[in-house]
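Comments concern the structure below.
The values are calculated or read from the model by the stated rules, or taken from the named source; none is laboratory data. Values in this document were obtained by computation on a predicted structure and should not be read as measured data. Quick reminder, even Gly has a Cβ in these numbers, built from the backbone with ideal geometry, and neighbours come from all protein chains shown. Heads up: the accessible areas ignore ligands, DNA and RNA and are worked out on the full protein's heavy atoms, side chains in. Shrake-Rupley method; radii C 1.70, N 1.55, O 1.52, S 1.80 Å.
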Amino acid sequence: MSKPPFLPMLIGTGFGSGFSPVAPGTAGALLAFGVWYALSFLVSASLLLWLTVVLTLVFTVAGVWAANRLEQTWGEDPSRVVVDEMVGCWITLLAAPAGHLWYGLAAFGLFRLFDIWKPLGIRRMENLPGGIGVMMDDVLSGVYGFIVLIVARWLIA
């Protein structure tokens, strides 16, 4: 097996979190949660929202590119590629109040639940070609988690 190129590997593996020997997808989503939570102490709530949007967009595009490159070496939808989990978690975190630990953890849990369960067309997204298929099932899982968290917040308030 040939060695994958460095930059796609760095991005695709979520800065190495995808090399976790246990639950690499969860490790990638935890990294995304940790970045969001740490940023919540450093920036305002509105800037956190915009930074999360920017991270989501940048890493979605970069993730498609990285996954396309890594599939050439590691095969189709390799488990070490976790940038998709990072993006999906950030999408769900867009529904959480800035820096709120419990809502943040709920966002993380909802995203992982949808990502593992794959209801409502999520699994079909995996049939899309290349890096698009790698990323889009987690994007849709993130969207579903976002919707559930927004509805829960509305019902609680």
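Roughly how tilted is helix 101-117, in degrees to the nearest 10 and between 0 and 90, from the longest Cα axis of the chain? Helix 101-117 sits at roughly 40 degrees to that axis. When only the Cβ of Lys, Arg, Asp and Glu is charged (+1, +1, -1, -1), the dipole of the stretch 1-115 relative to its Cα centre reaches about 220 debye. All other residues whose Cβ lies under 10 angstrom from that of Gly14 are scored, Lys and Arg at +1 and Asp and Glu at -1, for a net of -1. Counting only protein chain heavy atoms and rolling a 1.4 Å probe, the accessible areas of Met125, Met9, Met86 rank, largest first, as Met125, Met9, Met86.
Full-extension gain between Leu101 and Phe41, please, as 0.36 nm times their residue separation minus the C-alpha to C-alpha distance. Intermediate results must be reported in sequence, preceding the final value.
Numbers: separation 60, 0.36 × 60 = 21.60 nm, distance 1.14 nm.
Length difference between fully extended and current span is 20.5 nm.
Using a probe radius of 1.4 angstrom, the carbon and sulfur fraction of the accessible surface of the stretch 1-52 is 77%. Taking Cα atoms only, the orientation of helix 24-42 departs from the longest principal axis of the chain by about 40 degrees.
Could you list the GluC sites (Glu not before Pro) in the stretch 37-138 that lie in coil according to DSSP, counting only those with at most 11 other Cβ atoms within 10 Å of their Cβ?
Here the GluC sites (Glu not before Pro) that fit, given the DSSP loop and packing criteria, are Glu76.
The value of relative contact order for the chain, using C-alpha pairs under 8 Å at least six residues apart, is 28 percent.
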